[in-house]
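Step one of this worksheet: look at the structure below.
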Amino acid sequence: MDALNANLESITQYQNWRATVWILLLTSITYVVARLAWRPSFPKNAPKLLKEGYPIVGALRFFSDRRNFARHGTSATKTGNFSFYFGKYQIVGLSGLNGRKTFFDNKDMSMAEGYAVLFTTTPSIPEDAKTAGQLSFDKWFSRTIMAMLKKENFVKNLPILVGDTRSALERAVARGGEGSTSGLIDPFDDLYKIVYLLTMRTVGANEIARSPELLEKTLGLFETIERCSSPTRIIFPWLMTPAHLRKMYAGGKLYMIFSKLVEARKQEGRREDDALQFLIDSGADMIRILSFVLGALFAGQLNSGINAGWMFSYLATTPYWYKQVQAEVDAAVEKHRKSPDQHALDVLSSLPIESWESDFPLIDLCLRECIRFQLVGTAFRKNVSGKDIPIGNDGEVVPKDAFAIYLLDDIHFNPEIYTEPNKWDPGRYLPDRAEDKKEPLSYIGWGVGRHPCLGMRFAKLEMSIIVATFTAMFDYTLADPKGNPITSTPTVDRDRHAAHKPASPVRLKYQLRKQPA
């Protein structure tokens with residue numbers, strides 16, 4: 001009997017223990033789910049909350065169908081502003097002139113913190129790099145990039161940048177074999193890589209710019225970081241997704257490459273006249289150096305790298321502007337030609353910075369229009385004021401600590417501002433039309449308000465060098481990869497989150513232009 005009672009007691013204890021485990025497990029799960037499901041409520045004077053969305057994850061269409069999601073939100077409210085959740089984050093969609101003024105002009109709407117959380121395509125900044133002395137990383141980055149891009153640095157690097165462009169295009173021609181005068185160039189590969197080379201030369205390291213192998217390797221790692229974006233990390237920032245692990249691995253490889261370059265310079269007592277040396281001399285550590293270089297390369301490659309390909313695609317299918325740009329380049333060459341037999345590329349190689357910045361206004365207009373087309377998706381901000389920020393005089397607010405988004409098509413493809421907005425037309429910026437000045441903040445391609453584009457001067461110079469050099473070398477048309485003519489430029493996917501290459505591959509079918517004997 002004692003043995004039976006002991007067995008019954010053991011069974012009871014086991015059942016109680018198992019029940020206790022299940023209770024603890026269910027309690028833990030309930031706690032975790034409750035923590036994940038909890039999110040701060042919007043104040044009553046926030047814009048209307050969209051009904052769309054799911055518990056915990058929020059409005060997934062913000063990531064999967066962003067343009068239509070934002071347009072739906074704008075049309076669903078009287079003011080055009082709306083609220084929604086993405087994960088735990090409170091987000092306010094802004095539109096119209098009041099929305100733009102609040103978004104771009106308010107000093108407490110932080111661009112850096114907005115993009116750090118919501119734009120997963122950008123390289124993440126390690127915690128160790130977020131302060132530089134007493135400066136936040138974004139302020140330190142701004143001061144550093146402005147110091148690097150001063151005029152004296154432009155003048156110093158100008159002949160090298162022009163030479164790099166010429167050499168790269170001559171190598172592309174050489175692929176056709178000795179004596180070749182015609183062929184195909186991939187504008188979204190060949191020109192994309194030229195932009196990477198010029199940007200690396202300006203904000204990176206000379207050792208990489210001089211080495212085709214290192215250029216190829218670092219560009220591949222950079223593109224891996226760019227590709228590894230996922231909404232999962234926004235909703236669950238602690239979750240180690242496969243994409244995030246690949247991103248960390250690529251970042252680690254880049255860290256090692258730059259670390260070896262720095263160490264080699266120290267061991268050899270060697271100095272280079274480049275951005276990496278500037279950062280070393282400023283006392284920046286390796287994490288901060290890599291964060292700076294990645295940020296600068298990302299900004300340049302995502303914009304100029306893509307725009308270069310689109311620029312020639314549009315010009316090749318728009319005869320009027322093709323001829324106008326060609327005439328502008330020819331006029332600049334003739335203006336500065338020192339002898340009748342001087343090669344056009346030799347003339348361009350000798351142009352001073354003042355000529356590069358003043359002799360190509362039509363190239364600048366074409367770039368302006370390319371940016372309007374390629375600036376897709378939304379811009380981001382975060383309210384860091386610690387209080388609600390009013391949206392104009394409508395009585396609505398962006399809640400404290402909330403994020404704000406602005407759909408760029410809200411202004412750039414507004415038919416009341418831009419005539420035939422889906423038509424590529426650089427003439428819309430000429431003084432007699434000035435469509436971009438119809439109302440305040442009508443063009444935001446170069447940044448506006450408190451956040452102008454710090455690299456604008458370099459981006460314009462870079463594009464002028466590439467377009468002028470290419471135009472001086474070639475006559476060209478748009479073609480498919482087999483060389484068959486294409487009469488219209490591929491359509492831009494406006495549902496994408498950033499500038500991108502076209503879904504259908506294109507080529508530039510070129511013929512070398514005749515030069516003075």
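Axis of helix 190-203 versus longest Cα principal axis of the chain: the two differ by about 80°, to the nearest ten degrees.
Between residue 119 and residue 513, residue separation times 0.36 nm minus the direct Cα-Cα distance comes to 137.5 nm.
Estimated from helices alone, the mean residue ellipticity of the chain at 222 nm is -16500 deg cm²/dmol (sum of -39500 (n - 2.57) over DSSP H runs with n ≥ 4, per residue). Could you check the spin-label model distance between residue 434 and residue 334? Points 7 Å from the Cα along Cα→Cβ, value in nm. The two pseudo-label positions are separated by 3.1 nm. Past 23 Å, Cα to Cα, is the threshold; run 48/88; 139/253; 338/460; 51/78 against it and keep the listed order. As for pairs spanning more than 23 Å Cα to Cα, those are 139/253; 338/460. The trypsin sites (Lys or Arg not before Pro) of the stretch 161-204 meeting both criteria, a DSSP state outside H, G, I, E and B (loop) and at most 14 other C-beta atoms within 10 angstrom of the site's C-beta, are 175. Set against the labelled values [x] 22.7, 73; [y] 27.2, 120; [z] 27.7, 94, Rg and Dmax of the Cα atoms in Å computed from this structure falls on [y].
For the pair residue 420 and residue 273, what calculated FRET efficiency results from E = 1/(1 + (r/R0)^6), where r is the Cβ-Cβ distance and R0 = 45 Å, to the nearest 0.05? Can you show the working numbers first?
On the way: r = 47 Å, r/R0 = 1.05.
The calculated FRET efficiency here is 0.40.
Inter-label distance, residue 441 to residue 484: 4.7 nm, where each label sits 7 Å from its Cα along the C-beta direction.
With angles folded into 0 to 90 degrees, how steeply does helix 319-336 sit against the dominant principal axis of the chain? Use alpha carbons for both and round to 10. Helix 319-336 sits at roughly 60 degrees to that axis.
Pairs of Cα atoms nearer than 8 Å and 6+ residues apart set the relative contact order; for the chain it is 22 percent. Fully extending the segment from residue 143 to residue 503, taken as 0.36 nm per residue of separation minus the present Cα-Cα distance, adds 125.9 nm.
Multiply the residue gap between residue 353 and residue 178 by 0.36 nm, knock off their C-alpha separation, and tell me the result in nm, one decimal place.
Numbers: separation 175, 0.36 × 175 = 63.00 nm, distance 3.41 nm.
Length difference between fully extended and current span is 59.6 nm.
Taking the Cα centre of the stretch 184-299 as origin and charging only Cβ (+1 Lys, Arg; -1 Asp, Glu), how large is the dipole, in debye to the nearest 20?
Working: 15 positive and 15 negative charges, 86 e Å.
Dipole size: approximately 420 debye.
Taken together, the values in this text are just the output of simple stated rules run on the coordinates, not laboratory data. Not measured: the values here are computed from a predicted model. A quick note on method: Cβ atoms are made from the backbone with ideal geometry, for glycine too, and the neighbour counts reach across all protein chains shown.
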